[in-house]
Amino acid sequence: MGFVPKAKVMEEEDIRRVVRRIAHEIVERNKGAADLILLGIRTRGVPLSERIAKAIADIEGVEVPVGRLDITLYRDDLHTLGQPVVKETYLPPDMDGKNVVIVDDVLYTGRSVRAAMDAIIDFGRPATIQLAVLVDRGHRELPIRPDYVGKNLPTSREEKVKVLLKEVDGEDGVLIGYEE
Amino acid sequence: MSFPPPGRDFYGRLPFDPMVPPPKPARVREVTGGTRKNRAATEKARKYQREEVVELARRRHLLDVDDLEGEEMEHILETARSFSEVMRRPIKKVPSLRGKTVVNLFYEPSTRTRLSFEVAAKRLSADVLNFTASTSSVEKGESLKDTALTLRAMGVDAVIVRHPAAGAPWLLRRWLDVCVINAGDGMHAHPTQALLDLFTMRERLGGLEGRTIAYVGDILHSRVARSGFKACLAMGMRVIAVAPPTLLPSFVPPGVEVQHDLDEVLPRCDVLYILRIQKERQTEGRFPSLQEYVSLYQLNMERLGKARPGVLVMHPGPMNRGVEIASEVADAPHAAITSQVAAGVAVRMAVLFLLLGSGEGGV
């Protein structure tokens, strides 16, 4: 098995614009950036959340706290994984009453987001939990809906969507392809 | 194709043979993407790598540290670091092992190891059963095997065993199709203690390679030292055993330097690992008198002054203050004894999670 790309659906420029738009939408929805916290889901949600935080800083001049979340311990499919790797979670202290935005690269079944929400609730009681994703590819298995979407990408279940980010992969782009 | 596969038992494991060491898993290498030309080769390497990872998960026991390759040890320590973060949360519990049952099968008295395993399992949401030999049917003469078969019939997922007889966990592994974790057997092995000691040293010293550790005291009767020697050597540390000749085993692993004079060793060490002088040994004639042992081997403030400034003092507990370690040393900032206890929970969470949390654990 390996990823075979079929088409590149987003370029570096597209990602840059989308991050900027999402940053604007987050600030608009929350009427400023005062009580915001961004939480990136490992691995690729983390650099995305940092980029959004930077864009918000440009727009509003406010440094938004950014956290990293590893959801391995909350997954419902642990028994199907080989050797799970647990990375460190860092959440900004005192999330009570804040507006927390979960950031992830691809929204698919919704199970990662469910796990992330469980993890957040173990840390505190935010006023709201919102969801920002770069790509929404459909096929939800849980009643979960994103608040901020970079791009809606209709796919079949057989297809794979791969997000590349400079911080992790050395280049920016969104690929659509299949597992071989 | 025959089933079970040749040389494997019903559960796909190799049959138990104490003379044949378990197969060492091949090293997991980093496979990076490539150009179209060598994509086929990359794919092949990836497939190979995945099979290795499955191989790692298939081993469902932790009996001694030499079961673990350097990289697996590394993986456990890295995972433990993530778990030490869980312990700083307001809700110190994650749902990873929900529905799993873990038994503490303790044939010897123990507080910290048993509590530590219990806390670790509970923080992973596993159910914990505590079995203490003195309050069970063992008093009525039930054998280890019958107890084990009872536990198997109850459908437990892991057995954590502490037993006065060396090798008891190996017997359990042969009888049980569940994960067996050695929590100390006789004078033989105590792998989770060795791992938590590595974790503590790494957190306090940074790296481990090239550092020097001296185990001081009753090495002969110490399973902590036996597993510790192997673990420290595997991490590339220099290991010194310091004890009177009567408290040294007839065999120490190659690579361990043996010394009898603590004062000579002190300035060379990054870690001083003090072992307990068990009360019953004090009357066994291993040394002329307790006072003589104290004057030659006790770690007191004067000796601590001769050691390196940032030296780390460790002790597996329980301590005999005023015997192998002076009370002021145990409370000095050099002492990492309470860090060891905290590390114990994180490391045991990592071990339980890695053995039970993955696909093969719940069979």
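The values are calculated or read from the model by the stated rules, or taken from the named source; none is laboratory data. Because the structure is predicted, anything quoted here is derived from the model rather than measured. Methodologically, a virtual Cβ is constructed for each residue, glycine included, from the backbone with ideal geometry; neighbour enumeration extends over all protein chains shown. SASA here: full protein model, heavy atoms, side chains in, ligands and nucleic acids out. Shrake-Rupley method; radii C 1.70, N 1.55, O 1.52, S 1.80 Å.
Is one or more of the residues making up the range B:295-306 of a type in the set (Gly, Ala, Ser) and either surrounded by 15 or more Cβ atoms within 10 Å (Cβ to Cβ) or within 15 Å of B:ALA214 (Cβ to Cβ) (or both)? Before the answer, list the steps.
Narrowing the range B:295-306 to residues of a type in the set (Gly, Ala, Ser): B:295, B:305.
Subsequent filtering for residues that are either surrounded by 15 or more Cβ atoms within 10 Å (Cβ to Cβ) or within 15 Å of B:ALA214 (Cβ to Cβ) (or both) retains none.
Checking the range B:295-306: not a single residue is of a type in the set (Gly, Ala, Ser) and either surrounded by 15 or more Cβ atoms within 10 Å (Cβ to Cβ) or within 15 Å of B:ALA214 (Cβ to Cβ) (or both).
Answer yes if at least one residue in the range B:176-191 is at pLDDT below 95, assigned to a helix (DSSP H, G or I) and surrounded by fewer than 24 Cβ atoms within 10 Å (Cβ to Cβ), and no otherwise. No, the range B:176-191 has no match at all.
Here is a yes/no grid of residues against (1) assigned to a strand (DSSP E or B); (2) buried (at least 16 other Cβ atoms within 10 Å of the Cβ):
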| site | (1), (2) |
| --- | --- |
| A:LYS31 | no, no |
| A:ALA55 | no, yes |
| A:VAL86 | no, yes |
| A:VAL106 | yes, yes |
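Remark: pairs (first residue in the range A:164-178, without any contact (Cβ under 8 Å) to a residue 60 or more places away in the chain; second residue aliphatic (A, V, I, L, M) and assigned to a strand (DSSP E or B); Cβ separation under 9 Å; 6+ apart in sequence or on different chains) = A:LEU164/A:VAL174; A:LEU164/A:LEU175; A:ASP169/A:VAL163; A:GLY170/A:LEU164.
Does B:LEU272 satisfy the criteria of being assigned by TED's automatic domain parsing to the domain that holds B:THR101 and out of contact with any Phe, Trp or Tyr (no Cβ under 8 Å at 6 or more places or on another chain)? Before you say what the answer is, go through the steps one by one.
Values: assigned by TED's automatic domain parsing to the domain that holds B:THR101: no; out of contact with any Phe, Trp or Tyr (no Cβ under 8 Å at 6 or more places or on another chain): yes.
No, not satisfied.
Applying a threshold of 8 Å to beta carbon distances and a minimum spacing of six or more residues, or different chains, the list of pairs starting in the range A:119-130 at a residue that is free of Cβ contacts under 8 Å to residues at least 12 places away in the same chain and ending at one that is surrounded by fewer than 19 Cβ atoms within 10 Å (Cβ to Cβ) reads A:ASP122/B:ARG89; A:ASP122/B:PRO90; A:ASP122/B:ILE91; A:ASP122/B:LYS93. Checked against (1) open to solvent by 10 Å² or more (accessible area, probe 1.4 Å); (2) hydrophobic (A, V, I, L, M, F, W, C); (3) under 21 Å from B:ASP64 (Cα atoms), B:VAL258 meets all criteria but (3).
For the range B:190-211, enumerate the residues that are closer than 15 Å to B:ARG226 by Cβ and among the small types (Gly, Ala, Ser).
Going residue by residue through the range B:190-211, those that are closer than 15 Å to B:ARG226 by Cβ are B:190-195, B:197-198.
Passing the criteria: only B:ALA194.
Going by the conditions given, is B:THR200 in a helix (DSSP H, G or I), in contact with a strand residue (DSSP E or B) (Cβ under 9 Å, 6 or more places away or on another chain), open to solvent by less than 30 Å² (accessible area, probe 1.4 Å) and not assigned by TED's automatic domain parsing to the domain that holds B:LYS230?
no
Condition check: part of a loop (DSSP other than H, G, I, E, B), in contact with a strand residue (DSSP E or B) (Cβ under 9 Å, 6 or more places away or on another chain) and among the aliphatic types (A, V, I, L, M). Does A:ILE129 satisfy that?
So A:ILE129 fails the test.
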